[in-house]
Amino acid sequence: MRIALNFRGQLANALGGSSDQIEVNSSSSINSILQDLAFRGGTAFTDIAFDCHGKPSRTLLVAVDGEQITDFEMALAPDTQEITFIPPIAGG
């Protein structure tokens, strides 16, 4: 299935754009997509999306079809259309 990916903030910079489309299989999870994106985005992406133990950062927000999710291991629903990745936001 084909899914639209949206990247916000520093993640968009690390990946060289704010959106993409990928082909995934029925057993794909957010974690497997993050691993693929880390390969593509290198250290800049990995430093934002993963903690020091190689697990997805607790501050990374992920929305699947507009709904925030917290279980990154769950397989995506077959009708998933869009995933948005939002890094932590700092301000002052």
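Taken together, the values in this text are just the output of simple stated rules run on the coordinates, not laboratory data. Predicted, not measured: the structure shown is a model, and the values here were computed from it. Heads up, the Cβs are rebuilt from the backbone with ideal geometry, glycines too, and the neighbour counts pull from every protein chain shown.
Show the residues, 5+ positions off or on another chain, whose built amide H is closer than 5 Å to the amide H of Arg8.
Phe85
Calculate, for Arg2 and Phe72, the FRET efficiency according to 1/(1 + (r/R0)^6) with r their C-beta to C-beta distance and R0 25 Å; round to the nearest 0.05.
0.75
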